[in-house]
C-alpha cells in the first residue's frame with residue numbers, strides 16, 4: 001500500500017492496494033452501524049443509521065439506550081474503536097490484528113461490560129457473499145491505509161457540506177452509509193417517487209423502498225469506481241436525457257452500468273483546485289437532474305453567504 005499527501009491534504013490511495021483493509025472496515029462499520037440501527041428510532045430514508053466523519057475517524061453520534069446515550073467511534077489516528085456512555089462509562093479496543101469475527105466478539109463483549117444490551121442481525125447487507133460476522137475470519141487491517149481513507153473522507157465531507165449549504169429544501173446530512181460503504185448527501189424535490197424496485201444483494205427490497213420514497217438527487221464519495229475511488233452523483237427517478245446532458249466537467253463521465261455520473265478521485269486530487277473541481281461536478285450533475293425533472297430551483301436553492309458580517313460570521317472571499 002502506498003499513501004502520499006499533496007500539499008492540500010488530498011491523499012493518494014489506490015483501491016487495489018488496500019482491498020483487505022477495505023473489506024475489513026466495510027464489515028466492521030456494518031457491525032457498528034447495526035448497533036445504532038438496533039437502538040435508534042426510525043427516521044425517514046434510514047437517516048438514523050449512518051456514521052459521520054469526525055476529527056479522528058467515523059462516529060455514530062449519540063445513540064439512545066434505556067435512559068442513557070452512548071456513542072462509538074472508529075479512531076483512525078490511534079486505531080481503536082472507542083465507546084463512551086453518558087453515565088461515565090468508557091472502553092476501547094485495538095483495531096490492529098483483528099479478524100471480522102474477533103472484532104464482532106470483542107465489540108459485543110465491550111458493550112456488555114458497559115451495560116449496553118445489543119441484539120443485531122448477524123449477517124452483512126448489500127454484499128455477496130454475506131458471511132456471518134461470527135464466522136468471518138478475514139483479516140488485513142493496515143493502519144496507514146485506514147488513515148489515508150479517513151483523510152479522503154475528511155476532504156470529501158468538507159466539500160460536500162459546502163455543496164449541501166446551497167440548498168434550502170429538504171436535504172440529508174452528509175453521512176456514511178455502512179451498507180454501501182460510501183459517503184452520501186441527498187437533495188429532494190419535495191415530490192413522491194415511484195416505488196423503488198430494490199434488488200440490492202442480501203438486502204430486503206423494503207429497505208430501498210424506504211430510502212427512495214421521494215424524488216432525489218444524490219451525491220457522495222465511494223472508495224471504488226476509479227483507481228483511487230470516485231465522487232458520484234445520480235438521480236431517482238432518472239429523467240430522460242440525464243446521461244447525455246451537455247456541459248459535463250472535464251474528467252466526469254456517465255457509467256451506464258451504475259446509472260450514475262462519476263468523477264475519479266485522482267482527477268480531483270490532481271486538479272489545480274480540487275475543491276472547485278468537485279463542486280463543479282456536483283453542481284453540474286444536480287443541475288442536470290433538477291432541470292430535466294422540473295424542480296422548482298428558485299424555491300429550493302439558497303445563497304450560503306446571505307448573512308455576511310452578522311452574528312460574527314464572515315464568508316470566505318469570492
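Condition (residue is assigned to a strand (DSSP E or B) and farther than 24 Å from residue 212 by Cβ) applied to region 39-57: is it met by at least one residue?
There is at least one residue in region 39-57 that is assigned to a strand (DSSP E or B) and farther than 24 Å from residue 212 by Cβ.
Pick from region 175-187 the residues that are on the phi < 0 side of the Ramachandran plot and outside any strand (DSSP E or B): which of them is surrounded by the most Cβ atoms within 10 Å (Cβ to Cβ)?
First, pick out the residues of region 175-187 that are on the phi < 0 side of the Ramachandran plot: 175-180, 182-187.
So of that shortlist, the ones also outside any strand (DSSP E or B) come out as 178-180.
Values: 178: 26, 179: 22, 180: 17.
Ranking the candidates gives 178 first.
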Here the residues within region 66-83 that are in contact with a strand residue (DSSP E or B) (Cβ under 9 Å, 6 or more places away or on another chain) and either under 23 Å from residue 41 (Cα atoms) or free of Cβ contacts under 8 Å to residues at least 40 places away in the same chain (or both) are 68, 69, 70, 71, 72, 73, 74, 75, 78, 80, 82, 83
Of (1) touching a helix residue (DSSP H, G or I) at 6+ places or on another chain (Cβ under 8 Å); (2) not in a loop (DSSP other than H, G, I, E, B), residue 140 fails just (2)
Counting only residues that are closer than 22 Å to residue 193 by Cα and out of contact with any helix residue (DSSP H, G or I) (no Cβ under 6 Å at 6 or more places or on another chain), which one in region 293-302 is surrounded by the fewest Cβ atoms within 10 Å (Cβ to Cβ)?
298
Here are some residues: 35, 53. Which one is surrounded by 18 or more Cβ atoms within 10 Å (Cβ to Cβ) and farther than 21 Å from residue 226 by Cβ?
35
Unmet requirement for residue 18, which otherwise passes all of (1) in contact with a strand residue (DSSP E or B) (Cβ under 6 Å, 6 or more places away or on another chain); (2) surrounded by 18 or more Cβ atoms within 10 Å (Cβ to Cβ); (3) over 28 Å from residue 113 (Cα atoms)
(1)
Tally time: how many residues in region 188-203 are within 19 Å of the chain's Cα centre (by Cα) and either free of Cβ contacts under 8 Å to residues at least 60 places away in the same chain or crowded, with 20+ Cβ neighbours inside 10 Å (or both)?
1
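So that you can scan it fast, the table gives a plain yes or no per residue for (1) assigned to a loop (DSSP other than H, G, I, E, B); (2) at pLDDT below 95:
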| site | (1), (2) |
| --- | --- |
| 61 | yes, no |
| 71 | no, no |
| 84 | no, no |
| 93 | no, no |
| 105 | no, no |
| 118 | yes, yes |
| 123 | yes, no |
State all residues of region 263-280 that are over 21 Å from residue 149 (Cα atoms) and either exposed (fewer than 14 other Cβ atoms within 10 Å of the Cβ) or touching a residue at least 40 places away in the same chain (Cβ under 8 Å) (or both); if no residue qualifies, say none.
272
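Just need a number here: residues in region 260-276 that are in contact with a helix residue (DSSP H, G or I) (Cβ under 8 Å, 6 or more places away or on another chain) and part of a loop (DSSP other than H, G, I, E, B). Please lay out each step first, then the result.
As a first pass, look at region 260-276 and keep what is in contact with a helix residue (DSSP H, G or I) (Cβ under 8 Å, 6 or more places away or on another chain): 261, 263, 265, 267-268, 271, 274-275.
When the remaining residues are screened for being part of a loop (DSSP other than H, G, I, E, B), the result is 271.
The total comes to 1.
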Could you run through region 204-213 and say how many residues are surrounded by 19 or more Cβ atoms within 10 Å (Cβ to Cβ) and in a loop (DSSP other than H, G, I, E, B)?
1
In region 84-112, what residues are in contact with a strand residue (DSSP E or B) (Cβ under 6 Å, 6 or more places away or on another chain) and farther than 22 Å from residue 139 by Cα?
84, 85, 86, 87, 90, 91
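Conditions tested, residue by residue: (1) within 27 Å of residue 27 (Cα to Cα); (2) part of a helix (DSSP H, G or I); (3) assigned by TED's automatic domain parsing to the domain that holds residue 34; (4) in contact with a helix residue (DSSP H, G or I) (Cβ under 6 Å, 6 or more places away or on another chain).
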| site | (1), (2), (3), (4) |
| --- | --- |
| 149 | yes, yes, no, no |
| 155 | yes, yes, no, no |
| 161 | yes, yes, no, no |
| 173 | yes, no, no, no |
| 189 | no, no, no, no |
| 194 | no, no, no, no |
| 198 | yes, no, no, yes |
| 215 | no, no, no, no |
| 220 | yes, no, no, no |
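Of these, 151, 96, which one is over 17 Å from the mean Cα position of the chain (by Cα) and over 30 Å from residue 299 (Cα atoms)?
Details: 151 fails: over 17 Å from the mean Cα position of the chain (by Cα).
Testing whether each residue is over 17 Å from the mean Cα position of the chain (by Cα) and over 30 Å from residue 299 (Cα atoms) leaves just 96.
Is it the case that region 223-235 has a residue that's in contact with a helix residue (DSSP H, G or I) (Cβ under 9 Å, 6 or more places away or on another chain), assigned to a strand (DSSP E or B) and over 26 Å from residue 150 (Cα atoms)?
Here is the first cut: in region 223-235, the residues in contact with a helix residue (DSSP H, G or I) (Cβ under 9 Å, 6 or more places away or on another chain) are 223-235.
Still in the running and assigned to a strand (DSSP E or B): 227, 229-235.
From what is left, the residues that are over 26 Å from residue 150 (Cα atoms) are 235.
Within region 223-235, one or more residues are in contact with a helix residue (DSSP H, G or I) (Cβ under 9 Å, 6 or more places away or on another chain), assigned to a strand (DSSP E or B) and over 26 Å from residue 150 (Cα atoms).
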Among (1) closer than 21 Å to residue 160 by Cα; (2) surrounded by fewer than 19 Cβ atoms within 10 Å (Cβ to Cβ); (3) free of Cβ contacts under 8 Å to residues at least 60 places away in the same chain, which single condition is residue 239 missing?
(1)
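The values are calculated or read from the model by the stated rules, or taken from the named source; none is laboratory data. Everything numeric in this text was worked out from a predicted model, so none of it was measured. Cβ sites come from the backbone with ideal geometry, for glycine too, and all protein chains shown count toward neighbours.
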